Amino acid sequence: MLAIHLTRFGEPEQSLKVIDVPAPGAPAAGQALVQVEYAPLDHHDLLLAQGIYPVRPELPSAIGNEGAGTVLAIGPDVTRVRPGDTVLLPFGTFAWSEQVLAEAAKLTVVDKSISLDQAAMLTINPVTGALLVESRDLPAGSWVVQNAANSGVGRSVIAFAKERGLRTINIVRRDELVTQLERLGADIVLVDHPDVATRVRAIIGNDPVLLGLDGVSGKATSLLLDVLTDGALLVVYGYMSGDPFTPDQNVLRAKNITTTEFWMYEDKYLPRHQALSAESAQLVAGGRLKLPSAPVYKAKDFAEALAYLRRNGKVLLDFNPHRV
């Protein structure tokens, strides 16, 4: 069967290989055999391949941090899943293979009304969005400000904030995104501009803004600092600008703003992943969360998929050899 293996840590174009490997054996007690349907190829996968991501498997190894599949068979004493179920692959089960053996208790069954491509993107960005919203215990009606609002994480923040009774201020880069995010439930959507804080105050008055979520870093951080109020928490979870996190220390001190970095695979977050993945699936099934679509490449065409990712962004790898 086909798999994509990381052969050494280094540049992905040289270190990731499409290879033929033996199919897994029958599932043992507590295991399920899963046909992988789709698995994303995203920038964090490249960080893992380069050896600069905290997850470092023993090589050679398949990688791929998320995906969705169909249960083909179950081992003895497995009752949580059944053959035919659509499931989300858990952290630690690398998805870039036609078939995988997974611990059945960690699989999340999702409703078949959810398309397989949407299901494949449920375990990282939505879970990240939910955990970010929970970074600080805020009373209902509180404001959260974020950049990268149109990303998969940003859209998930909007959905989970609404579920938790919070309101969102969303900074985007393009005018056409304003209406799109408002339709998804965003309370305020503003285009990136130095006067963002002034426009926010014209809308919310003197309401405090005590949580900021930074997925861009670099110069974009300054707009969040302008909006945040005294005693706020700023959580840095991404560096889409490619620039480091270098906030104005004078502003941090003047507003008594605390900063922290976020990584969803910290031990304190892992117990929440499965429940939040299931809640994310419910939001998608109910139409309250829609993740950005991504182009699909057959797994055998990995080189083309990687080239697309480099130019444009996330793609989905199709690992079902029977799908036309």
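Which aspartates and glutamates have a Cα lying under 16 Å from the Cα of Lys255, excluding residues fewer than 8 positions away in the same chain? Filter leaves Asp207, Asp226, Asp230. Give me the percent of DSSP beta bridges within segment 56-215 that run antiparallel, rounded to the nearest 5. In segment 56-215, DSSP labels about 30 percent of beta bridges as antiparallel.
In this rough spin-label picture, where each label sits 7 Å from Cα along the Cβ direction, the Val296-Glu261 distance is 3.7 nm. In loop segments of segment 246-279 as defined by DSSP, the trypsin sites (Lys or Arg not before Pro) with at most 15 further C-beta atoms inside 10 Å of their C-beta are Lys268. Taking a ≥ b ≥ c as the square roots of the eigenvalues of the Cα gyration tensor, segment 124-265 is rounded, since a/c falls below 1.5. Taking 30 Å as R0, compute the FRET efficiency from the Cβ-Cβ separation of Asp192 and Asn312 and round it to 0.05. With R0 = 30 Å, the Cβ-Cβ based efficiency is 0.90. Projecting the Cα positions of Val55, Asn65, Ser280 onto the charge dipole of the chain (unit charges on Cβ atoms of Lys, Arg, Asp and Glu, taken about the Cα centre) puts Ser280 furthest along the positive direction.
Report note on the peptides 164-175, 215-226, 123-134, 14-25: ranked by the mean count of other C-beta atoms within 10 Å, highest first, their order is 123-134, 215-226, 164-175, 14-25.
Every helix of 4 or more DSSP H residues in the chain counts as -39500 (n - 2.57), and over all residues that averages to -7500 deg cm²/dmol at 222 nm. At what distance in nm do the modelled label points of Arg164 and Arg8 sit from each other, each positioned 7 Å from its Cα along Cα→Cβ? Roughly 4.4 nm, to one decimal. Among Lys106, Lys314, Lys112, the order of accessible area from largest down is Lys112, Lys106, Lys314, computed with a 1.4 Å probe on protein heavy atoms. Taking each residue as 0.36 nm, the span from Arg183 to Ala23 lengthens on full extension beyond its C-alpha to C-alpha distance by 53.1 nm. Normalised by the number of residues in the chain, the mean separation of alpha-carbon contacts (under 8 Å, six or more apart) gives a relative contact order of 18 percent. Spherically averaged projected area of the convex hull of Cα atoms, segment 196-324: 11.8 nm². The C-alpha atoms of the chain define a longest principal axis, and helix 302-311 lies at about 10 degrees to it. When the Kirkwood radius is taken over all Cα pairs of the chain, what Stokes-Einstein diffusion coefficient follows at 4 °C and 1.567 mPa s, in µm²/s? Calculated translational D: 63 µm²/s. Cross-link pairs exceeding 19 Å in C-alpha to C-alpha distance, out of Lys162/Lys290; Lys162/Lys219; Lys17/Lys298; Lys112/Lys268; Lys112/Lys290, comprise Lys162/Lys219; Lys112/Lys268. If a/c stays under 1.5 just call it rounded; otherwise compare a/b with b/c (prolate if a/b is bigger, oblate if not). Do that for segment 214-266, with a ≥ b ≥ c from the square roots of the Cα gyration tensor eigenvalues. Oblate shape, in that a/c is at least 1.5 and b/c is the bigger or equal ratio.
When the surface is traced with a 1.4 Å probe over the full set of protein chains, Tyr53 keeps roughly 30 Å² accessible.
Sort segment 78-172 into rounded, prolate or oblate with this rule: let a ≥ b ≥ c be the square roots of the eigenvalues of the Cα gyration tensor; rounded if a/c is under 1.5, and if a/c is not under 1.5, prolate when a/b is larger than b/c, oblate otherwise. Taking the square roots of the gyration eigenvalues as a ≥ b ≥ c, segment 78-172 is prolate.
The values are calculated or read from the model by the stated rules, or taken from the named source; none is laboratory data. Here the structure is a predicted model, which is why all the values come from computation and not from measurement. No Cβ is skipped: glycine too gets one built from the backbone with ideal geometry, and neighbour counts run over all protein chains shown. The area values use the complete protein model at the heavy-atom level, side chains included, leaving out ligands, DNA and RNA. Shrake-Rupley method; radii C 1.70, N 1.55, O 1.52, S 1.80 Å.
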